[in-house]
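Contents: one structure, followed by commentary.
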Amino acid sequence: MWRPGLLIARYTLVEALRSRLPWLFVLAAAAALALAGFLQQLALTESGATQAAIVSALLRPVAVFLLVGFVVTSLAREAADKGQELLLALPMPRAVYVLGKLAGFGALALLPALLFGLLTCMWAAPAQSALWAVSLLGELWIMAAFSLLCALGLPHALPALAASGGFYVLARSVGSLQLLAHGSTAAHDGSRQAIAYAIDTLALLLPNLDHFTRSEWLLYATGDWQALGLVAAQTAIYVGLLAACALCDFYRKSF
């Protein structure tokens, strides 16, 4: 059953090439270079650090937005064209279809991670850029798995995009929300404690994307293999959980 899954992953990549998605990543990299040149003229001191901080902070959500948009629209288009039903009519388990799609999207995520990681080498040490790129790849894999779950479970593309965007914003900001909930010196009434407990519960359920793809690695060379190990562990756990949820939901659907 590996062969059908590999074929599904291959045609997912072919679809991405035909939709000109790689050119959008290249265009984003070119826009980042232009922005870096503009910032170099504006910054009076530490222009390299300014360029690295702003460009890396912009490239990160751009990569996530483009990949999630492709995952959701690709599956929505396939469902509308009855291509999904045609594939499921073949003698293969549904898990092959889901895992093949996930493998194709995961392979596609290699392109922005490598391209944007190479771009950051202009302002940071190559080792730190490599850590940043690998961390970005893990972040993209988590978002690809979640957007796959949303696209398979929700009937339309817009709710799937909104759910994916909300998940990403919460995963990026849950650490800051915890600090706000627990850092106040005001009286700890019942409602404040309930909010703090709710945010703590949310933090346990969500990946802590604040620890992924940190700009400070490029600025101050603070990235190390321990930080990358934490990123890899979270990536493996959440991609596995989200893939399992997508499989459970997909097996429950009737076509």
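Among the residues of the stretch 183-203, are any under 25 Å from Tyr11 (Cβ atoms) and of a type in the set (Ser, Thr, Tyr)? Scanning the stretch 183-203 turns up no residue that is under 25 Å from Tyr11 (Cβ atoms) and of a type in the set (Ser, Thr, Tyr). May I ask you to verify whether Thr213 is under 24 Å from Leu137 (Cβ atoms) and in contact with a Pro (Cβ under 9 Å, 6 or more places away or on another chain)? Here the answer is no, as Thr213 does not meet what is asked. Take the residues in the stretch 128-179 that are without any contact (Cβ under 8 Å) to a residue 24 or more places away in the chain and under 19 Å from Gly223 (Cβ atoms), then tell me which one is most open to solvent (accessible area, probe 1.4 Å). So the residue we want is Ala130. Among the residues making up the stretch 171-201, those that are at pLDDT below 80, small (Gly, Ala, Ser) and in a helix (DSSP H, G or I) are Ala181, Gly183, Gly190, Ser191.
If you go through the stretch 93-116 and pick out every residue that is within 15 Å of Pro22 (Cα to Cα) and either in contact with a Cys (Cβ under 7 Å, 6 or more places away or on another chain) or assigned to a helix (DSSP H, G or I) (or both), you end up with 12. If the condition is being aliphatic (A, V, I, L, M), modelled with pLDDT of 80 or more and open to solvent by 30 Å² or more (accessible area, probe 1.4 Å), then the stretch 67-90 contributes Ala76, Ala79, Ala80.
Residue check: Phe105 meets all listed conditions (1) closer than 15 Å to Ala145 by Cβ; (2) open to solvent by 50 Å² or more (accessible area, probe 1.4 Å) but one, namely (2).
For the stretch 30-47, the criterion of being within 30 Å of Leu154 (Cα to Cα) and either open to solvent by 70 Å² or more (accessible area, probe 1.4 Å) or not in a helix (DSSP H, G or I) (or both) is satisfied by no residue at all. Only residues that are part of a loop (DSSP other than H, G, I, E, B) and either over 19 Å from the mean Cα position of the chain (by Cα) or within 16 Å of Gly106 (Cβ to Cβ) (or both) were counted across the stretch 213-255, and they come to 7. Could you look through the stretch 202-234, keep only residues that are polar (S, T, N, Q) and within 17 Å of Gly175 (Cα to Cα), and pick out the one that is modelled with the highest pLDDT? Of everything passing the filter in the stretch 202-234, Gln234 is modelled with the highest pLDDT. Close Cβ contacts (under 9 Å, 6 or more residues apart or on different chains) running from residues in the stretch 42-57 that are of a type in the set (A, V, I, L, M) to residues that are modelled with pLDDT of 70 or more and surrounded by fewer than 17 Cβ atoms within 10 Å (Cβ to Cβ) comprise Ala43/Ala49; Ala49/Tyr220; Ala52/Met122; Ala53/Glu216; Ile54/Leu35; Val55/Leu33; Val55/Leu35; Val55/Met122.
The values are calculated or read from the model by the stated rules, or taken from the named source; none is laboratory data. Nothing here was measured: the structure is a model prediction, and the numbers come from that model. In this analysis, Cβ positions are derived from the backbone assuming ideal geometry, glycine residues included, and neighbour counts consider all displayed protein chains. Heavy atoms of the whole protein, side chains included, go into the accessibility calculation; ligands, DNA and RNA do not. Shrake-Rupley method; radii C 1.70, N 1.55, O 1.52, S 1.80 Å.
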